[in-house]
């Protein structure tokens, strides 16, 4: 992977590892590279290629973006190449659910000066816009707390705390993520098989396509626009830097 070229796509220059530099990388990636499941939704049965060379070309050079197993993997290797101490983690997306929940998310723990931080550019609307310190409770926003040997990525919304996903201190190989990707890419219960999401965020601004609608959220105010044609669909995809053609007619209509 070409680290210098990756940074140039983010309009950044290499620096020594630091929390401020990490936050610059996270912010730039979320602003310029979309989170999406276009390849999963429009190419059913075709397993996503997670080879780092392929991902670098797709996600960064062509700025096609991707979902967690793509975006967070290229981020992981960028940080590693820049000298950050990184660990990949396999997580269970729970949103306060209990029971038998599979590991369907990839995220990254970064250690800086002995302190651990959660860094995620592949969790859609609920991804934190900055590195989140592990084990530090916050008055609002994102936090990572420990409980019974598990780590819980949480977000405080008003007076409610929501568990987004959980992970542990286990060691994970790339093959572990290949298995999780296969499940997420193919299983009929996977939301990425059933519905389309294309999203990019710039701080408090979130823009996304969900099926046949384009939405924009800024300062808690939301605007929704119905997408009615192939031409309009391509227009909105290009807002996310995506130039590939996808068949709008395959998107389900509202009931």
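The values are calculated or read from the model by the stated rules, or taken from the named source; none is laboratory data. From a predicted model like this one, the values you see are computed outputs, not experimental measurements. Please note: Cβ atoms are built from the backbone with ideal geometry, for glycine as well, and neighbour counts cover all protein chains shown.
Name the strands (runs of 3 or more DSSP E) wholly within the range 165-255 that hold at least 3 residues that are free of Cβ contacts under 8 Å to residues at least 24 places away in the same chain and touching a strand residue (DSSP E or B) at 6+ places or on another chain (Cβ under 6 Å)?
213-218, 221-226
Quick one: count up the residues across the range 13-52 that are closer than 24 Å to residue 186 by Cβ, more than 16 Å from the chain's Cα centre (by Cα) and not in a helix (DSSP H, G or I).
7
Can you confirm whether residue 76 is over 15 Å from the mean Cα position of the chain (by Cα), surrounded by 15 or more Cβ atoms within 10 Å (Cβ to Cβ), part of a helix (DSSP H, G or I) and modelled with pLDDT of 95 or more?
On the way: over 15 Å from the mean Cα position of the chain (by Cα): no; surrounded by 15 or more Cβ atoms within 10 Å (Cβ to Cβ): yes; part of a helix (DSSP H, G or I): yes; modelled with pLDDT of 95 or more: yes.
No.
Within the range 1-38, count every residue that is touching a strand residue (DSSP E or B) at 6+ places or on another chain (Cβ under 7 Å) and either modelled with pLDDT under 95 or under 23 Å from residue 247 (Cα atoms) (or both).
Count: 5.
Which of the residues belonging to the range 204-242 are touching a helix residue (DSSP H, G or I) at 6+ places or on another chain (Cβ under 6 Å) and exposed (fewer than 14 other Cβ atoms within 10 Å of the Cβ)?
230
Restricting attention to the range 123-143, does a residue exist that is in contact (Cβ under 8 Å) with a residue 12 or more places away in the chain, surrounded by fewer than 21 Cβ atoms within 10 Å (Cβ to Cβ), in contact with a helix residue (DSSP H, G or I) (Cβ under 8 Å, 6 or more places away or on another chain) and part of a strand (DSSP E or B)?
no
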